[in-house]
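Working notes, beginning with the structure itself.
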Amino acid sequence: MERSVRLFRAFLREQPDPDHFYSTLAEDSVRQLARFTPLKGAVLLDVGGGPGYFARAFRAAGAHYVGLDPDVGELSARGAPEPGMIRASGTRLPVRTASVDVCYSSNVLEHVAEPWTMLAEMIRATRPGGTVFVSFTPWFSPWGGHETAPWHYLGGHRARRRHLARTGREPKNAFGTTLFPVRVATAQKWARNCADAELVTTFPRYHPWWAKWVVHVPVIREIASWNLVLVLRRR
């Protein structure tokens with residue numbers, strides 16, 4: 001519970017202090033991922049690594065980190081891009097098949113127009129026996145509309161128009177352009193039916209361990225998961 005409270009408090013500071021939030025999340029992610037695969041010496045590809053918040057945390061754990069992002073603005077959000085970051089699309093990864101030990105992605109899937117293509121690419125890039133770790137914000141999560149939440153419950157386009165009318169500018173996470181609806185049930189079904197990988201587990205990323213049950217209850221999981229994790233192992 002203490003961990004969940006700490007993450008939630010950091011989340012409340014995401015907008016005014018992104019360095020604090022993402023640094024806290026990166027350290028927690030290292031501990032979370034290490035439960036499923038050793039990181040020391042592992043070649044790790046971070047799909048959607050942005051300005052490199054996770055780079056230092058994973059390197060400190062001993063991983064050989066490579067991150068990518070298609071957006072120049074994201075790569076340079078903290079100044080010069082972090083060493084080891086490259087500009088590329090998550091739906092067309094510029095890496096050889098079965099070339100990484102771990103393929104990781106944090107809060108990116110909902111920003112991709114073709115999420116299942118991105119997942120398939122992550123699996124392709126991972127060696128047999130390697131780990132794919134993906135987290136994303138489901139559409140019906142309280143934060144599913146990102147800065148347009150909670151109005152996304154009335155429709156993504158409506159929430160986008162409301163934000164524009166109130167602020168005079170488009171939201172950074174604009175429905176239909178840079179934000180897309182991804183459901184928990186759909187993601188779980190895709191993972192279970194994936195021929196090239198085995199679904200190891202799925203759980204709510206920020207919740208305490210005893211709240212894992214919420215991802216197995218229809219309807220409730222779409223709202224209460226808040227942020228969903230899929231862990232897969234490459235066949």
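Candidates are the residues of segment 56-88 that are buried (at least 22 other Cβ atoms within 10 Å of the Cβ) and at pLDDT below 90; the one that is farthest from the chain's Cα centre (by Cα) is MET85. Scan segment 114-151 for residues that are on the phi > 0 side of the Ramachandran plot and part of a helix (DSSP H, G or I) and the total you get is 1. Do we find a residue being charged (D, E, K, R), in contact (Cβ under 8 Å) with a residue 24 or more places away in the chain and either buried (at least 16 other Cβ atoms within 10 Å of the Cβ) or in the same structural domain as CYS103 (by TED's automatic domain parsing) (or both) anywhere in segment 154-170? No, because not a single residue in segment 154-170 is charged (D, E, K, R), in contact (Cβ under 8 Å) with a residue 24 or more places away in the chain and either buried (at least 16 other Cβ atoms within 10 Å of the Cβ) or in the same structural domain as CYS103 (by TED's automatic domain parsing) (or both). Looking only at residues of segment 98-113 that are outside any strand (DSSP E or B) and within 20 Å of ALA63 (Cβ to Cβ), we find that the one that is nearest to the chain's Cα centre (by Cα) is ASN107.
Scanning segment 176-191 turns up one or more residues that are in contact (Cβ under 8 Å) with a residue 12 or more places away in the chain, more than 20 Å from LEU119 (Cβ to Cβ), touching a His at 6+ places or on another chain (Cβ under 7 Å) and not in a helix (DSSP H, G or I). Taking the condition part of a loop (DSSP other than H, G, I, E, B) and either surrounded by fewer than 19 Cβ atoms within 10 Å (Cβ to Cβ) or not assigned by TED's automatic domain parsing to the domain that holds VAL132 (or both), does PHE8 pass? No, not satisfied.
A quick yes/no check of all residues on (1) out of contact with any Lys or Arg (no Cβ under 8 Å at 6 or more places or on another chain); (2) outside any strand (DSSP E or B); (3) modelled with pLDDT of 95 or more:
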{"site": "TYR153", "(1), (2), (3)": "yes, yes, yes"}
{"site": "ARG162", "(1), (2), (3)": "yes, yes, yes"}
{"site": "ARG169", "(1), (2), (3)": "yes, yes, yes"}
{"site": "CYS194", "(1), (2), (3)": "yes, yes, yes"}
{"site": "PHE203", "(1), (2), (3)": "no, no, yes"}
{"site": "LEU232", "(1), (2), (3)": "yes, no, yes"}
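Look at segment 48-59: where a residue is farther than 19 Å from PHE136 by Cβ and small (Gly, Ala, Ser) and a partner is surrounded by 24 or more Cβ atoms within 10 Å (Cβ to Cβ) and modelled with pLDDT of 85 or more, sitting 6+ places away or on another chain with Cβ atoms under 7 Å, you get GLY52/GLY67; ALA55/TYR65; ALA55/GLY67.
Here VAL182 clears all of (1) under 16 Å from the mean Cα position of the chain (by Cα); (2) farther than 25 Å from ILE220 by Cα; (3) β-branched (Val, Ile, Thr) except the condition numbered (2). Would a scan of segment 94-102 turn up a residue that is at pLDDT 95 or above, closer than 23 Å to GLU198 by Cα and surrounded by 23 or more Cβ atoms within 10 Å (Cβ to Cβ)? Yes, segment 94-102 contains a residue that is at pLDDT 95 or above, closer than 23 Å to GLU198 by Cα and surrounded by 23 or more Cβ atoms within 10 Å (Cβ to Cβ).
The values are calculated or read from the model by the stated rules, or taken from the named source; none is laboratory data. Computed from a predicted structure; not experimentally measured. Here Cβ is always computed from backbone atoms with ideal geometry, including for glycine, and neighbour counts include all displayed protein chains.
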